[in-house]
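Shown next, in structure tokens, is the structure this report addresses.
The values are calculated or read from the model by the stated rules, or taken from the named source; none is laboratory data. Remember, predicted model here, so these are calculated numbers, not experimental data. Cβ placement follows ideal geometry from the backbone for every residue including glycine, while neighbour counts extend to all protein chains displayed. Note: areas computed on protein heavy atoms with side chains; ligands, DNA, RNA excluded. Shrake-Rupley method; radii C 1.70, N 1.55, O 1.52, S 1.80 Å.
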Amino acid sequence: MEEKKDTTPPVPPIIEQLKEYAEIRFKLLKYEAIEGGTSILASIIADLVVVISMVLAFLFASVTLGFYLATLFHSYWAGFGCVAVLYFLIAMFIKIFKRSLERPLINIFIQKIFKR
């Protein structure tokens, strides 16, 4: 009697190469995703530091302008009141032209996200 051999048929080399290719491609995609995510995170952190610095500079410049106008008007309330009116006018300008200001900001954010 012939004995049956429990051998599996040999896997063609092309299938092994395809499996290896798929594994390498998966690793490459994973590394590209990690690189893209860290790049975006680093960009956001750098932009956040710039924004915080600008806000602080704006705050101190506002206080300085308030004190300067207070010395010109010989009244603290008049100096800081003028600064408040200036900011109110800027806020109203932004409110009126909100739609035309949104589009460039959206484009900047999209470019930032898809930047390589």
> Quick one: is Gly81 touching a Phe, Trp or Tyr at 6+ places or on another chain (Cβ under 8 Å) and more than 30 Å from Ile113 (Cβ to Cβ)?
Replying inline: no
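Which residues, counting only those in segment 82-116, are touching a Ser or Thr at 6+ places or on another chain (Cβ under 7 Å) and of a type outside the set (D, E, K, R)? Steps first, please.
Of segment 82-116, the ones touching a Ser or Thr at 6+ places or on another chain (Cβ under 7 Å) are 83, 112.
Scanning segment 82-116 gives a single hit, Val83.
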> What are the residues in segment 76-116 that are open to solvent by less than 80 Å² (accessible area, probe 1.4 Å), under 26 Å from the mean Cα position of the chain (by Cα) and touching a residue at least 12 places away in the same chain (Cβ under 8 Å), if any?
Replying inline: Lys112
>> Restricting to segment 1-21, give me the number of residues that are loosely packed, with under 10 Cβ neighbours inside 10 Å and either at pLDDT 80 or above or within 30 Å of Ile110 (Cβ to Cβ) (or both).
In response: 3
